[in-house]
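Quick notes on the structure that follows.
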Amino acid sequence: MEQLLLHLWGDYIIQSDWMANNKKKLTVTGELACQLHCITYTLPFLLLTTNILAIVLIYLTHYIMDRTKVLNLFMNSKWKGNFGKAPFAPWSIFLIDNIYHITCNFLILKYIR
């Protein structure tokens with residue numbers, strides 16, 4: 001439960017509009033926005049662990065997902081079936097993104113903490 005709350009705080013409350021609007025842009029500003037977001041996202045996890053490897057992995061998995069368009073690979077793949085045609089597809093992306101982050105954090109904190 002704690003890691004879920006830290007995820008929600010880091011990804012939705014601490015993240016500024018500037019970070020959210022710029023973190024995927026392929027510019028210096030985009031890189032800075034993503035780096036700052038990933039740092040402010042990761043820092044609260046120090047409440048759960050001081051293991052440097054766990055903190056670095058939480059940062060890196062969050063960075064990869066937020067800086068890249070890795071979700072697009074899944075959304076546009078031949079594996080998606082009718083997924084992309086569903087009227088709630090934008091919400092699907094939101095849910096998959098959150099499931100990815102929460103799963104990564106859970107596994108990191110469970111096995112590396």
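Every number here is computed from the coordinates shown, using simple stated rules; none is lab data. Predicted, not measured: the structure shown is a model, and the values here were computed from it. Here the Cβ is made from the backbone with ideal geometry for all residues, glycine too, and neighbour counts use every protein chain on show.
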Worksheet item: Along the stretch 15-26, what does the Karplus equation 6.51 cos²θ - 1.76 cosθ + 1.60 (θ = phi - 60°) give for ³J(HN,Hα), rounded to whole Hz, x for Gly and Pro?
Response: 5, 7, 4, 4, 4, 4, 7, 10, 4, 9, 5, 8
Discussion item. Going by average Cβ density within 10 Å per residue, which order do the peptides 97-106, 54-63 take, highest to lowest?
Written reply: 54-63, 97-106
Practice prompt. Provide the packing ranking of 42-51, 22-31, i.e. peptides ordered by the mean count of other C-beta atoms within 10 Å per residue, highest first.
Written response: 42-51, 22-31
